Amino acid sequence: MGWIGMLLGLDLGTGSLKALLLDFNGQVRGEASRPYPVAAPHPGWAESDPEDWWRAAAEATQAAVGPLASQVVAVGLSGQMHGVVLSDPAGQPLRPAILWADGRAVRELSALKALPESLQHRLANPLVVGMAAPSLLWLERNEPRPYAEARWALQPKDWLRLRLTGQAASEPSDASGTLLYDLLADTWAWEALERLGLRAELLPPLLPSGTVAGHLTRAAARWLGLPEGLPVAAGAADTAAALLGSGLAVGQVQLTVGSGAQIAVLLDTLQIDPTLRTHRYRATRPQQWYALAAMQNAGLALEWVRNMLHLSWEEAYREAQQAPAGCEGLCFLPYLTGERTPHLNPQARGVWAGLRLNHQRGHLMRAALEGVAYSLREGLEALGAVIPPQAPLRLSGGGSQEPFWQQMLSDVLGRPLVSTPTPSASARGAALLAGMAVGITLEVARSETPVAEPQSSVYEEGYQRYKQLYRQLSSWF
């Protein structure tokens, strides 16, 4: 392509906002990230000040774009899922945003569980805390004033777009993660809203992910250092954007290991999990969905163990390799923040079991790695038949780079692992959606490099012990 122009993707994550600048050949021309805090004013809460996101958007954009600002032709967005931002018509937040990791709305789940089974089936997702529906119910019951005063209840990236354009909207990939979306009808679940007693007018209009949802206002353009009037795409939820940005094809499976972990497979038909243990969300393209197993405790649990043992990551992997597979009977449950797939148990807790005098730091570290790998296997098995037999797992995320860890994952999961050259996949997906919105379609590289092949079944006994340990302790949690 000989066109001159740039596409800007903004990815609003849980702890930082990333800006990525792509040229029309798909090459990264600039990239920057700015962090912000997540607050826990009470145990189990997780909140952010949206104004921190707004400041990070300006700083990251200016650092990534630099002197190329005049060449930017469109902006796309991706963002963390499930949260709630209550705002006035102009996007001024009325209280801190409630995030996906928030656990305050446990009691409110009873209202969702009381919905008719046929309606729960149309929501097509596990009824868990951290989603917009239970969080909105909590706000209605516990903070009625901001709930009543709000004009909009938005997903995080949709709030950011409102501030950028002055126009409120959402799109299917984020909406389908709220427990307020009817996947069969492909629109807001109006009947569920009525039965729950929630204000339907809080939810914005829905647009396709790759369409223009507004244009950069003069004030927002000055704030970001970009030309006024740039088209802003509707964008996508971070996982959906990452699947687009990494070039995932229908039937391929992606394993992302970060603070949490996700196993996702792209589908061209909607296949709802009859057990509602795994998630079904809309993808960025029409008539595409993805099945998702979401595990809350991956890198988060490993980082906690590493810190508790006073190990650097280099020391952690070295000492773990010196311990034998199975850790001589030591087992670790990594559920430090409860767990979603497959247990749907916010009360689950972390456990080391089987400790003996001969166990050293390396045993504890290796048991933690094995425990996280076993939790991923449970997630993979929960997805069941939607995972093609023997399909390799496309590995992504910052918590999956160590060869010893990669081989353990391959052995435990019984699948080949391949890597794909797609750093910053969510931000890249946001930039690609910006291009789609203005009629520019970039080719996405789908090259794969083999990383690990299953070599041993030595972990099978440990996996069975792990599952038995959870069953024994589940009534105690």
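The values are calculated or read from the model by the stated rules, or taken from the named source; none is laboratory data. Worth saying up front: this structure is predicted, and the values here are computed from it rather than measured. All Cβ positions, even for glycine, are placed from backbone atoms using ideal geometry, and neighbour counts span all protein chains on display. We work out accessible area using only protein heavy atoms, side chains counted, and drop any ligands, DNA or RNA first. Shrake-Rupley method; radii C 1.70, N 1.55, O 1.52, S 1.80 Å.
Numbers at a glance
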read-out: Calculated FRET value between Leu336 and Ser70, using beta carbons and R₀ = 60 Å, to 0.05; value: 0.80
read-out: Extension reserve of the Ala90-Ser312 stretch, reckoned as 0.36 nm per residue once the Cα distance is removed; value: 75.3 nm
read-out: Between segment 155-169 and segment 59-123, the Cα center-to-center distance that results, in Å; value: 10
read-out: Accessible area (Å², 1.4 Å probe, nearest 10) - Arg218; value: 140
read-out: Candidate residues Arg394, Arg122, Arg340: accessible-area rank, largest first, probe 1.4 Å; value: Arg122, Arg340, Arg394
read-out: Net charge of Cβ neighbours under 11 Å - reference Leu7; Lys, Arg +1; Asp, Glu -1; value: +1
read-out: DSSP bridge orientation in the chain - percent antiparallel, rounded to nearest 5; value: 75
read-out: Value at 222 nm in deg cm²/dmol, rounded to 500, when DSSP H runs of n ≥ 4 in the chain each add -39,500 (n - 2.57); value: -10000 deg cm²/dmol
read-out: Protein accessible area in the chain, 1.4 Å probe - carbon and sulfur %; value: 52
read-out: Which of Asp268, Asp52 is most accessible, then next, and so on - probe 1.4 Å; value: Asp268, Asp52
read-out: Between segment 431-469 and segment 270-289, the alpha-carbon center distance in angstrom; value: 18
read-out: Glu149 versus Arg195: modelled label distance in nm, points set 7 Å from Cα along the beta carbon direction; value: 3.3
read-out: Reduced Cα scattering model of the chain, Debye log10 I(q)/I(0), q = 0.06, 0.11, 0.12 Å⁻¹; value: -0.26, -0.88, -1.05
read-out: Straight-distance crosslink candidates among lysines, where the alpha carbon sits under 23 Å from Lys18 and sequence neighbours closer than 8 are dropped; value: Lys157
read-out: Length-normalised contact order for the chain - Cα pairs under 8 Å, 6+ apart - percent; value: 16
read-out: Descending Cα extents along the principal axes, segment 1-144, whole Å; value: 57, 35, 27
read-out: Charge sum, other residues only, whose C-beta stays under 13 Å from Gln464's C-beta, Lys/Arg counted +1 and Asp/Glu -1; value: -1
read-out: From phi via Karplus (6.51, -1.76, 1.60), per-residue ³J(HN,Hα) for segment 279-289 in Hz, x at Gly/Pro; value: 9, 10, 10, 6, 8, 7, 9, x, 6, 9, 9
read-out: Net lengthening on full extension, Trp304/Glu117 (0.36 nm per residue, minus Cα-Cα); value: 63.4 nm
read-out: Sequence of Met436, Met365 when ordered by accessible area, the most exposed leading, probe 1.4 angstrom; value: Met436, Met365
read-out: Environment charge at Arg306 (Cβ cut-off 11 Å; Lys +1, Arg +1, Asp -1, Glu -1); value: -3
read-out: Distance-filtered residues of segment 165-181 - backbone nitrogen under 15 Å, label point 7 angstrom along Gln287 Cα→Cβ; value: none
read-out: In nm, spacing of pseudo-spin labels at Ala185 and Leu270 (7 Å Cα→C-beta vector); value: 1.1
read-out: In Hz, Karplus ³J(HN,Hα) per residue of segment 142-157 (6.51, -1.76, 1.60; θ = phi - 60°; x = Gly, Pro); value: 10, 9, x, 5, x, 4, 6, 7, 5, 8, 10, 10, 10, 6, x, 6
read-out: Normalised contact order of segment 255-387, rounded percent, pairs of Cα under 8 Å and 6 or more residues apart; value: 27
read-out: In nm, spacing of pseudo-spin labels at Ala63 and Trp45 (7 Å Cα→C-beta vector); value: 2.9
read-out: For the chain: accessible area per residue (Å², 1.4 Å); value: 38
